[in-house]
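Below is one structure, written out as structure tokens; comments come after it.
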Amino acid sequence: MATGTHTIRVRYGESDQMGIAHHASYITWLEECRIELLRSLGASYRDLEASGVMMPVIELNVRYRRSLRFDDLATCETIAEAKGPSRVLFRTVVKHGEIVCAEAEVTVASVDRSGRPVRIPPEVLARLA
């Protein structure tokens with residue numbers, strides 16, 4: 001398993017009139033966390049896509065526990081685990097200080113440009129181990 005931490009500040013446009021982060025903003029943040037975790041491991045999404053490997057989300061679960069507000073600084077702790085030759089599970093905990101605000105699981109599949117499953121490149125699998 002590979003782990004990483006990424007920090008996000010809630011932007012004004014990601015919050016409602018009460019200043020609370022909109023639930024849909026978390027999906028964008030989770031994507032940012034996945035991309036940054038892979039980058040930190042030396043495997044970029046851009047390079048994967050350039051080589052013909054796409055990684056669409058095939059499952060997403062988010063449990064919202066506490067609200068984040070405009071200008072809050074959130075720490076996102078992500079763990080990535082290969083689930084077979086063509087899937088990766090990313091588990092992310094979003095915290096404000098020590099308070100858990102959300103817990104999420106995102107599963108991505110490795111597919112070619114036509115959407116057919118392909119194996120995750122061995123060098124990426126090795127970095128996830």
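FYI, it's all coordinate maths here, none of it is from the lab. Quick caveat: nothing in here was measured; it's all calculated off a predicted structure. Here the Cβ positions follow ideal geometry from the backbone for every residue, glycine too, while neighbour counts run over all protein chains shown.
I'd like to know which of L73, T92, P117 lies farthest towards the positive end of the charge dipole of the chain, counting +1 on Cβ of Lys and Arg and -1 on Cβ of Asp and Glu.
It is P117, whose Cα lies furthest towards the positive end.
How about the stretch 67-107: which GluC sites (Glu not before Pro) there lie in a loop by DSSP and see at most 12 other Cβ atoms within 10 Å?
E98
Would you mind computing, in nm to one decimal, how far apart the modelled labels at T7 and R119 are, each placed 7 Å from Cα along Cα→Cβ?
4.0 nm
Under 17 Å from a label point 7 Å along Cα→Cβ of M18: give me every residue in the stretch 53-80 with its amide N that close.
Residues passing the 17 Å test: 64-72.
Going by the alpha-carbon gyration tensor, a ≥ b ≥ c the square roots of its eigenvalues, is the stretch 27-81 rounded (a/c under 1.5) or, if a/c is not under 1.5, prolate (a/b greater than b/c) versus oblate?
prolate
Can you list, bin by bin at 10 Å, the percent of alpha carbon pairs in the stretch 77-129, starting at 0?
24, 41, 24, 11, 1
With N residues in the chain, what two-decimal value do you get for its Cα radius of gyration over 2.2 N^0.38 Å?
Rg over 2.2 N^0.38 Å, computed on Cα atoms: 1.09.
Where does the chain land at 222 nm, in deg cm²/dmol rounded to the nearest 500, when only DSSP H runs of n ≥ 4 count, each adding -39500 (n - 2.57), divided by all residues?
Roughly -6500 deg cm²/dmol at 222 nm, from the helical runs in the chain.
Assign one of three labels to the stretch 1-47, namely rounded, prolate or oblate, based on the Cα gyration tensor with a ≥ b ≥ c the square roots of its eigenvalues; rounded applies when a/c is under 1.5, prolate when it is not and a/b is larger than b/c, and oblate otherwise.
Prolate shape, in that a/c is at least 1.5 and a/b is the bigger ratio.
Any idea what the dipole of the chain comes to, in debye rounded to 20, about its Cα centre with Lys/Arg Cβ at +1 and Asp/Glu Cβ at -1?
Rounded to the nearest 20 debye, it is 220 debye.
Lys and Arg at +1, Asp and Glu at -1: add these up for the other residues within a Cβ distance under 11 Å of A82 and post the number.
Residues near A82 contribute +3 overall.
Just to verify a number: FRET efficiency for E49 and V100, C-beta to C-beta distance, R0 = 25 Å, to 0.05?
For R0 = 25 Å, the calculated efficiency reads 0.20.
Relative contact order, percent, of the chain when contacts are C-alpha pairs under 8 Å separated by at least 6 residues?
It rounds to 31 percent for the chain.
Just flag the chymotrypsin sites (Phe, Trp or Tyr not before Pro) in the stretch 27-129 sitting in loop per DSSP whose Cβ has no more than 16 other Cβ atoms within 10 Å.
Here the sparse-neighbourhood loop sites are F70.
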